[in-house]
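Q: Please see the structure below; I have some questions.
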Amino acid sequence: MTDVRELLLSRIRDVPDYPEPGVMFKDITPLLADPAAFVALTDALSEITVRHGATKVVGLEARGFILGAPVAVRAGLGFVPVRKAGKLPGATLGQSYDLEYGSAEIEVHAEDLSEGDRVMIIDDVLATGGTAEASLQLIRRAGAEVAGVAILMELGFLGGRARLEPTLAGAPLEALITL
């Protein structure tokens, strides 16, 4: 796993002062462009997904779609997108959550998750944990069980893990890289 971690880290580019001054953005596009790194990432997240007995994969908009879909394919599972409000046609379940300034809402198609599903949430970065927390609540409201949360990178200094602990309710949170 150390070799995989080093490969992934070597393909993440730091972009200073983006999207605003003082922020060091972690750009994963070089990782996605490198087939060996992207396969290693997909394999690592898929292994976590299978190990925790997931029956479906949820990807959080938008980079969670890029990572979650190939993980679902590799694990032989269905993929369910969690979108920003208003982006899905048909009947949806929504979950509001607070942001630093204001609020947001995410949605899932009501029929895509049900009782008996064990759902692995896939995303690229865990920062403050707001979107992940809302997705945990949304999945449970749909009647499904949370198998866990698997992410490429955790920005530990932003406190997302601590925020998620109560909502995880014992479900695992695994990060391939913690900064």
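The values are calculated or read from the model by the stated rules, or taken from the named source; none is laboratory data. On a predicted model such as this, the values are computed, not experimentally measured, just so you know. Note that each Cβ is placed from the backbone with ideal geometry, even for glycine, and that neighbours are counted across all protein chains shown. Ligands, DNA and RNA are stripped out before the accessible areas are found, and what is left, the full protein with its side chains, is counted by its heavy atoms. Shrake-Rupley method; radii C 1.70, N 1.55, O 1.52, S 1.80 Å.
Q: Check every one of the strands (runs of 3 or more DSSP E) wholly within segment 92-163 and list those with 3 or more residues that are of a type in the set (A, V, I, L, M) and surrounded by 19 or more Cβ atoms within 10 Å (Cβ to Cβ).
A: 118-126, 145-154
Q: Something else about it: On the basis of being part of a helix (DSSP H, G or I) and open to solvent by 30 Å² or more (accessible area, probe 1.4 Å), does Glu47 make the cut?
A: yes
Q: Return yes when Arg11 is touching a residue at least 24 places away in the same chain (Cβ under 8 Å), open to solvent by 70 Å² or more (accessible area, probe 1.4 Å), in contact with a helix residue (DSSP H, G or I) (Cβ under 6 Å, 6 or more places away or on another chain) and within 15 Å of Met153 (Cα to Cα) and no when it is not.
A: In short, yes.
Q: Taking segment 15-30 only, how many residues are in contact (Cβ under 8 Å) with a residue 60 or more places away in the chain and not in a strand (DSSP E or B)?
A: 1
Q: Oh, and also: Checking Lys87 against (1) among the basic types (Lys, Arg); (2) in a helix (DSSP H, G or I); (3) surrounded by fewer than 16 Cβ atoms within 10 Å (Cβ to Cβ): exactly one of these is not met. Which one?
A: (2)
Q: Let me ask you something else. What about Pro81, is it open to solvent by less than 40 Å² (accessible area, probe 1.4 Å), over 21 Å from Leu158 (Cβ atoms) and not in a helix (DSSP H, G or I)?
A: yes
Q: Does Leu41 qualify as being among the aliphatic types (A, V, I, L, M) and crowded, with 21+ Cβ neighbours inside 10 Å?
A: In short, yes.
Q: Filter segment 164-179 down to the residues that are over 26 Å from Ala40 (Cα atoms) and touching an Asp or Glu at 6+ places or on another chain (Cβ under 8 Å), then identify the one that is least open to solvent (accessible area, probe 1.4 Å).
A: Only one residue tops the list, namely Leu164.
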